[in-house]
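Taking it in order: structure first as structure tokens, then the write-up.
Nothing in this text is a laboratory measurement; each read-out follows from the coordinates by a stated rule. Everything quoted here is computed from the prediction, not taken from an experiment. A quick note on method: Cβ atoms are made from the backbone with ideal geometry, for glycine too, and the neighbour counts reach across all protein chains shown.
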Amino acid sequence: MNKAIQAVRGMNDLLPDAVARWQYAEATARAVFDAYGYREIRLPVVERTELFARSIGEHTDIVEKEMYTFEDRNGDRLTLRPEGTAGCVRAGIESGLLHNQVQRLWYAGPMFRHERPQKGRYRQFHQIGAEVFGLHGPDIDAELILLNARLWRALGLTDLELEVNSLGAPAARAAYREKLVGYLRARVDELDEDSRRRLDSNPLRVLDSKNPAMQDVIAGAPNLLEHLDAPSRDHFEGLRALLDAAGVRYRVNPRLVRGLDYYTRTVYEWTTDRLGAQATVCAGGRYDGLVELLGGKTTPAIGFALGMERLVELLAQAPAEEADRTEVYVAAAAAEAAHDALRLAEGLRDRGVRVEWHCGGGSLKSQLKRADRSGARYAVLLGTGEAAVVKDLRGREGQVERARAELEDYLMTHLRAASGEGRTG
Ligand code: HAM
């Protein structure tokens, strides 16, 4: 026997039993986006490497260590997208969607990062995200957070916690960065290896370290929120007032810095304590400089992305798992009945019934076994004579005989009655 080929590490199959929950989450997200007037955009999975290097930042973990980059047959350097924002901005500029316009866009799809796989962290993972262009906020910042909160409610999630922060405008952040570096250099002996490496390239990320040994240094660091420029401070106060007015609970976390360089002002994360180390389900923020950085006209922008694997992990069973089951299983015990069986199956499907047709013959017993396994409510067995047997596999109706010509109407009547029972009972 040949050796079986296995999937690439960190890249998972989504088997049919799991897909129902994904579809439920996706359909719910789509409905919420509709309710807020967001339109879907579909973007390539592969982009030029330079797009990510320039937008996410040369000195971020993603660009330094995690990208799937390759040369194609023309010698172009390409990368499997590690996130959706850069491609969305690229497409917006290229198609003229951004200049002097307001755009509310959303997307869904696979992203790729060569991280160390563990629960909640994969090398191919899936995001649903939104990007809004042309609005300065903070009203739009609040809208995105309310949209997130509505999605959690619609999915029955009650325990996600919101953290917000402001990174300020680039000039104020640069001044803060210098101050922070001064502080960290004075305590360099207490820094771990990672933080020492970041001291020159990306010192704000030191604040994000989860290393317990670093917490003392971090606690003593200058507070980012105390170094905001005045317009950014007003913006942040405005956002807080809107969230308060809408009754959204949040925690201000001055050490929330995010791992991508394009952010300005508002950043936020929704976290849970139900997923262990990979606690962030959804994250986003404002990136007012990115459109210009990528060659467009200055355009304010903000967005978020949620991790589908993490979100789905939090969901209890999706209602769709029950609703999508086969309703009728049609089998023919005799070869000459197969034509009638096929016509019956198609006739029922014309009327909106979910039907599984037994293919592959076999004994009556094995056909019934398959019918039972399908989860169908009714099994219909067409034999040699005119009559067929209808067996109620789930309820109390037992087994009845009906003429072939009556089967369709009989089943329609009983299925409607059964679904009525389901609703009231
Ligand atoms: P991010 O924080 O890198 O932001 O990713 C957003 C979310 O994607 C995370 O909170 C997490 O739920 C999920 N995620 C990230 N990496 C992995 C992984 N390796 N395995 C499983 N899930 C993962 C962004 O990607 C930004 N583009 C968000 C954004 C949009 N900001 C503005 N607009």
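Quick notes on this structure:
- Taking Lys and Arg as +1 and Asp and Glu as -1, the other residues whose beta-carbon sits under 13 Å from that of P138 total -3.
- Spherically averaged projected area of the convex hull of Cα atoms, the range 240-283: 4.0 nm².
- Per-residue HN-Hα couplings for the range 129-143 [Karplus 6.51, -1.76, 1.60; θ = phi - 60°; Hz; x = Gly/Pro]: x, 9, 9, 10, 10, x, 10, 7, x, x, 4, 6, 4, 5, 4
- Relative contact order (%) - the range 1-145, alpha-carbon pairs under 8 angstrom, separation at least six: 24 percent
- Ranked by how many other beta carbons lie within 10 Å on average, peptides 90-96, 329-335, 285-291, 10-16 from highest: 285-291, 329-335, 90-96, 10-16
- Relative to the longest principal axis of the Cα atoms of the chain, helix 16-35 runs at roughly 60 degrees.
- For the chain, the longest principal axis of the alpha carbon atoms and the long axis of helix 85-94 meet at an angle near 90°.
- Each label point was placed 7 Å from the Cα along the Cα-to-Cβ direction; for R39 and R153 their separation is 2.7 nm.
- Projected label distance in nm at A387 and H99, using a 7 Å step from Cα toward the beta-carbon: 7.9 nm
- At an R0 of 51 angstrom, the distance between the Cβ atoms of R196 and A230 translates into a FRET efficiency of 0.90.
- From most to least packed by mean Cβ count within 10 Å, the peptides 204-210, 360-366, 194-200 give 204-210, 194-200, 360-366.
- Here the contact order of the chain, divided by its residue count and restricted to Cα pairs under 8 Å and six or more residues apart, works out to 15 percent.
- Neighbourhood net charge (12 Å Cβ-Cβ; Lys/Arg +1, Asp/Glu -1) for L239: -2
- Calculated FRET value between A7 and R325, using beta carbons and R₀ = 30 Å, to 0.05: 0.60
- Counting only alpha carbon atoms, the long axis of helix 170-186 and the longest principal axis of the chain meet at about 70°.
- Here the dipole of the chain is about 460 debye; that uses its Cα centre as origin and unit charges on the Cβ of Lys and Arg (positive) and Asp and Glu (negative).
- Projecting the Cα atoms of L314, V380, Y329 onto the charge dipole of the range 247-390, computed from C-beta unit charges around the Cα centre, puts L314 farthest toward the positive end.
- Positive end of the dipole of the range 57-105 (Cβ unit charges, origin at the Cα centre): among L78, H99, T60, the Cα lying farthest that way belongs to H99.
- Exceeding the 25 Å Cα-Cα cut-off - candidates K119/K369; K3/K369; K65/K119; K119/K210: K119/K369; K3/K369
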